[in-house]
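What follows is one structure encoded as structure tokens, with my remarks underneath.
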Ligand SMILES: Nc1ncnc2c1ncn2[C@@H]1O[C@H](COP(=O)(O)OP(=O)(O)OP(=O)(O)O)[C@@H](O)[C@H]1O
Ligand SMILES: [Mg+2]
């Protein structure tokens with residue numbers, strides 16, 4: 001594999017070339033964007049490692065030059081701690097990855113090893129023979145044929161080839177987890193593990209050992225070595241579900257691991273190299289969470305390299321019959337009661353519903369209508385009945401932060417925990433124990449509410 005180093009500082013350039021050669025790759029080096037542009041078309045390198053600050057431009061210019069040169073050169077940009085944002089820009093322009101300076105050997109080794117693997121494989125090694133989503137009505141198990149979904153499929157296929165972190169947003173039930181699994185499935189990591197963690201549901205006391213694993217004897221009860229989430233996901237994809245719910249202490253730990261790309265088991269001294277593809281999801285506005293300072297900006301930039309917004313079901317109503325039939329055959333496969341279709345009026349009532357719970361709500365509705373109908377077709381009455389059922393209504397906040405809500409008194413000197421407990425108790429009281437509504441008012445997930453109730457030993 002051929003590596004081109006683009007670095008203006010002679011000392012750093014030579015050191016980098018030495019290191020690349022030591023790792024067993026061919027290396028050449030230049031110091032400016034102009035020379036890099038020439039070298040890219042003359043040498044046709046497989047990988048280009050480019051510093052972000054160059055005398056006649058920046059790493060993003062090198063990314064563009066690599067694109068213009070054709071071929072399939074993967075550009076890795078080097079950036080200082082202060083300019084992660086420009087690195088993110090470079091990723092958006094098509095850079096393969098970015099590495100932090102001072103460069104750690106482990107980081108470079110991992111990145112180059114992975115690129116070399118890619119180089120050895122046939123180019124564009126997506127699962128062969130994947131049918132066109134428009135005619136297949138979906139992409140690898142993710143159903144849809146509407147214009148917004150075809151756009152999602154186009155982006156998914158493209159991002160799957162890169163190693164860039166993906167940030168998936170969309171309303172609850174819109175298919176964020178399905179989309180994350182699809183990216184994994186279409187990526188080079190498909191045969192490696194796909195591990196999902198719910199960031200709001202990790203127990204604060206166990207978090208270290210959950211994520212990093214532990215050595216035998218690391219603490220009382222650690223009677224053998226246990227691999228943590230990072231280790232289990234290594235080589236594969238780590239899905240950070242509900243990432244906005246990640247507690248601040250955990251955000252710091254995460255950032256550190258992502259920056260160094262190494263981690264240690266609790267009670268261990270061995271530094272383990274991390275090689276994971278990150279996908280995060282949220283049904284809340286992440287930029288807003290950053291503005292409110294509940295989510296760290298530096299972590300946000302690292303995760304938000306490739307944002308992907310999933311449409312609501314309301315925005316793609318033409319997919320409803322397709323999805324409904326898909327879920328019907330899924331259920332029929334299991335239950336085998338002899339259903340094969342919907343009465344036309346059943347699909348009509350589905351088409352006029354607003355689906356606040358999106359695809360998940362549709363899936364549940366089909367299941368319930370299945371139970372209420374007699375074969376061979378899902379009956380119109382059954383479909384109408386499950387839609388009027390209030391169990392499907394997602395409660396809206398009455399008037400969040402409105403003056404009609406009771407007040408809670410807090411004093412300087414009280415711990416945040418006490419304050420949180422007070423607000424939680426008062427909110428639950430105000431909504432007569434409706435945890436879903438409390439979650440909505442407090443802007444957290446339902447799971448978080450349950451966790452907090454457990455944490456504070458309040459009645460669940
Ligand atoms: N495009 C789709 N094709 C097939 N099934 C889908 C699709 N989108 C969602 N589903 C199904 O709908 C349900 C909800 O999807 P998923 O869990 O991915 O939603 P989500 O956006 O992660 O929701 P939440 O925010 O509540 O976690 C799942 O059962 C999933 O299989
Ligand atoms: Mg989800």
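Below is a table of values for the structure above.
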| read-out | value |
| --- | --- |
| Hey, residue 375 over 30 Å from the mean Cα position of the chain (by Cα), more than 30 Å from residue 80 (Cα to Cα) and not in a helix (DSSP H, G or I) or not | yes |
| Scope the range 189-218; condition away from ligand 1 (no atom under 16 Å from the Cβ), in contact with a helix residue (DSSP H, G or I) (Cβ under 6 Å, 6 or more places away or on another chain) and part of a loop (DSSP other than H, G, I, E, B); matching residues | 193 |
| Residue list for the range 219-237, filter: in a loop (DSSP other than H, G, I, E, B) and within 16 Å of ligand 2 (Cβ to nearest atom) | none |
| Given (1) modelled with pLDDT of 80 or more; (2) within 24 Å of residue 241 (Cβ to Cβ); (3) loosely packed, with under 15 Cβ neighbours inside 10 Å, number of the condition residue 414 does not satisfy | (2) |
| Residues of the range 400-436 satisfying the condition of being over 24 Å from residue 204 (Cα atoms) and in a helix (DSSP H, G or I) | 429, 430 |
| Unmet requirement for residue 353, which otherwise passes all of (1) modelled with pLDDT under 95; (2) over 27 Å from residue 167 (Cβ atoms); (3) surrounded by fewer than 20 Cβ atoms within 10 Å (Cβ to Cβ) | (3) |
| Identity of the residue in the range 279-302, within 30 Å of residue 215 (Cα to Cα) and within 16 Å of ligand 1 (Cβ to nearest atom), that ends up surrounded by the fewest Cβ atoms within 10 Å (Cβ to Cβ) | 280 |
| Some residue of the range 179-186 being part of a loop (DSSP other than H, G, I, E, B) and either away from ligand 2 (no atom under 14 Å from the Cβ) or not assigned by TED's automatic domain parsing to the domain that holds residue 80 (or both) | no |
| Subset of the range 265-276 (residues that are in a loop (DSSP other than H, G, I, E, B) and surrounded by 16 or more Cβ atoms within 10 Å (Cβ to Cβ)) | 265, 267, 268, 274, 275, 276 |
| Sole exception among (1) at pLDDT 90 or above; (2) within 16 Å of the chain's Cα centre (by Cα); (3) surrounded by fewer than 17 Cβ atoms within 10 Å (Cβ to Cβ) for residue 179, by number | (3) |
| Given (1) modelled with pLDDT of 85 or more; (2) in contact with a helix residue (DSSP H, G or I) (Cβ under 6 Å, 6 or more places away or on another chain), index of the condition residue 408 fails | (1) |
| Residues of the range 17-63 classified as over 24 Å from residue 81 (Cα atoms) and in contact (Cβ under 8 Å) with a residue 60 or more places away in the chain, total | 3 |
| Residue 339, sole failed condition from (1) at pLDDT 95 or above; (2) in a helix (DSSP H, G or I) | (2) |
| The range 164-177 residues that are outside the structural domain of residue 285 (by TED's automatic domain parsing), paired with ones that are at pLDDT 95 or above and near ligand 2 (Cβ under 8 Å from one of its atoms) (beta carbon under 9 Å, 6 or more apart) | none |
| Per-region count, the range 244-254, residues surrounded by 15 or more Cβ atoms within 10 Å (Cβ to Cβ) and in a helix (DSSP H, G or I) | 6 |
| Test for residue 3: is it touching a strand residue (DSSP E or B) at 6+ places or on another chain (Cβ under 6 Å), at pLDDT 90 or above and part of a strand (DSSP E or B) | yes |
| Selected residue [touching a residue at least 24 places away in the same chain (Cβ under 8 Å), away from ligand 2 (no atom under 16 Å from the Cβ), more than 31 Å from the chain's Cα centre (by Cα) and in a helix (DSSP H, G or I)] from 365, 346 | 346 |
| Evaluation of residue 240 against (1) outside any helix (DSSP H, G or I); (2) more than 16 Å from ligand 2 (Cβ to nearest atom); (3) touching a strand residue (DSSP E or B) at 6+ places or on another chain (Cβ under 8 Å) (one fails), failing number | (2) |
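The values are calculated or read from the model by the stated rules, or taken from the named source; none is laboratory data. Note that the coordinates shown come from a computational prediction; the quantities given were computed from them, not determined experimentally. Note that we place each Cβ from the backbone using ideal geometry, even for glycine, and neighbour counts take in every protein chain shown.
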